[in-house]
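Novice: My structure is below; once you've seen it, I'll send some questions.
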Amino acid sequence: MSQHTATERTPMVVADGVSKSYGSNEVLRDISLTVMPGEVLCLVGPSGSGKSTFLRCINHLEKVNAGRLLVDGEMVGYREQGSKLYELHPREAAKQRRSIGMVFQKFNLFPHMTALENVMEAPVLVARVSKAKARARAHELLARVGLADRADFYPSQLSGGQQQRVAIARALAMEPKLMLFDEPTSALDPELVGEVLEVMKELAASGMTMVVVTHEMGFAREVADTLVFMDGGVVVEAGDPREVLGNPQHPRTKAFLGKVL
Ligand code: ADP
Ligand code: MG
């Protein structure tokens with residue numbers, strides 16, 4: 001390998017002047033940020049500041065109105081040829097999206113399937129992996145999130161924290177290169193938050209690139225490489241989480257942290 005590879009690594013996520021409106025409501029305004037492979041970026045900010053919308057744009061569940069969004073060097077939803085942009089065919093867009101795992105506040109597991117079947121579903125149906133292989137891998141993933149002994153349980157037989165860990169295993173089953181988390185612990189009873197954060201911490205330590213919307217400042221301080229504070233659709237402040245949390249520069253950051261810390 002040449003000496004250059006380390007410095008010329010392709011960022012996993014680049015947002016360059018990203019804006020997004022719903023009608024006249026400008027939800028994201030000129031968002032620019034970079035996430036390098038293996039990094040964890042935590043996105044915090046008040047409700048309605050555009051955090052979920054930003055994640056949805058990265059995953060191409062929403063289209064940006066202006067600016068460029070790249071995942072692993074490829075424009076999200078588009079192919080660049082010379083100076084022209086071509087919208088991806090839905091099939092190509094789906095393929096692009098498959099390389100990104102997403103975990104939501106609501107776990108959305110299939111209620112009629114066991115934990116194991118939930119984790120096997122996409123690899124078998126979408127990625128055409130053999131059932132035997134998918135099953136073996138699903139067992140591994142359930143073990144990884146601490147649920148080896150719950151493989152045959154249905155979601156209704158699992159706690160919220162266990163369901164969310166199954167949801168993480170399910171996202172990992174597609175071998176994503178990037179994981180997006182949208183307030184993964186916000187719907188959980190307080191005593192179940194820790195077990196989910198622990199799984200996310202281990203995932204981060206294993207080198208996964210992650211963008212995490214969260215109100216868990218302890219997690220952000222400990223795990224994030226970068227903390228981004230958003231308000232009103234703009235990045236108000238970004239940097240080392242210890243710096244931003246310990247010495248916030250902007251009055252809006254101070255006001256927000258005063259409420260959540
Ligand atoms: P956050 O996740 O930070 O709470 P959101 O990204 O969910 O913020 O929402 C940001 C703004 O965008 C809000 O004003 C919300 O009402 C608006 N919004 C979000 N999704 C839609 C949608 N599908 N259609 C119209 N407005 C939306
Ligand atoms: Mg949200």
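The values are calculated or read from the model by the stated rules, or taken from the named source; none is laboratory data. Since the model is a prediction, treat every value here as computed from it, not as a measurement. With ideal geometry, Cβ positions are generated from the backbone for all residues, glycine too; neighbour counts draw on all protein chains shown. When the accessible area is computed, the model is the full protein with side chains, heavy atoms only, and any ligands, DNA or RNA have been set aside. Shrake-Rupley method; radii C 1.70, N 1.55, O 1.52, S 1.80 Å.
Novice: As an exercise: evaluate Arg68 against (1) touching a residue at least 40 places away in the same chain (Cβ under 8 Å); (2) open to solvent by less than 40 Å² (accessible area, probe 1.4 Å); (3) more than 18 Å from the chain's Cα centre (by Cα); (4) more than 15 Å from ligand 1 (Cβ to nearest atom) and give the number of the one condition it does not meet.
Specialist: (2)
Novice: Residues to consider are Ala127, Ala122, Ala138, Ala132; find the one that is surrounded by fewer than 22 Cβ atoms within 10 Å (Cβ to Cβ) and without any contact (Cβ under 8 Å) to a residue 40 or more places away in the chain.
Specialist: Unique residue meeting the criteria: Ala132.
Novice: What number goes with the only condition from (1) in a helix (DSSP H, G or I); (2) open to solvent by 30 Å² or more (accessible area, probe 1.4 Å) that Phe153 does not pass?
Specialist: (1)
Novice: Still on this structure: Considering only region 164-261, give the helices (runs of 4 or more DSSP H) lying wholly within it that have at least 1 residues that are within 16 Å of ligand 2 (Cβ to nearest atom). It would help to see each step written out before you state the result.
Specialist: Values: elements: 190-205, 217-223, 241-246, 251-260.
The helices (runs of 4 or more DSSP H) meeting that bar are 217-223, 251-260.
Novice: While we're on this one: Can you give me the number of residues within region 80-99 that are polar (S, T, N, Q) and without any contact (Cβ under 8 Å) to a residue 24 or more places away in the chain? Lay out the reasoning, then the answer.
Specialist: Taking region 80-99 and keeping what is polar (S, T, N, Q), we get 81, 83, 96, 99.
Next, from what is left, pick out any that are without any contact (Cβ under 8 Å) to a residue 24 or more places away in the chain: 81, 83.
Result for region 80-99: 2.
Novice: Would it be correct to say that Gly48 is assigned to a strand (DSSP E or B), under 20 Å from Asp231 (Cβ atoms) and either within 16 Å of ligand 2 (Cβ to nearest atom) or out of contact with any Phe, Trp or Tyr (no Cβ under 8 Å at 6 or more places or on another chain) (or both)?
Specialist: Working: assigned to a strand (DSSP E or B): no; under 20 Å from Asp231 (Cβ atoms): yes; either within 16 Å of ligand 2 (Cβ to nearest atom) or out of contact with any Phe, Trp or Tyr (no Cβ under 8 Å at 6 or more places or on another chain) (or both): yes.
Against the criterion (assigned to a strand (DSSP E or B), under 20 Å from Asp231 (Cβ atoms) and either within 16 Å of ligand 2 (Cβ to nearest atom) or out of contact with any Phe, Trp or Tyr (no Cβ under 8 Å at 6 or more places or on another chain) (or both)), Gly48 does not qualify.
Novice: Out of the residues in region 1-45 that are open to solvent by 80 Å² or more (accessible area, probe 1.4 Å) and in a loop (DSSP other than H, G, I, E, B), state the one that is modelled with the lowest pLDDT.
Specialist: Met1
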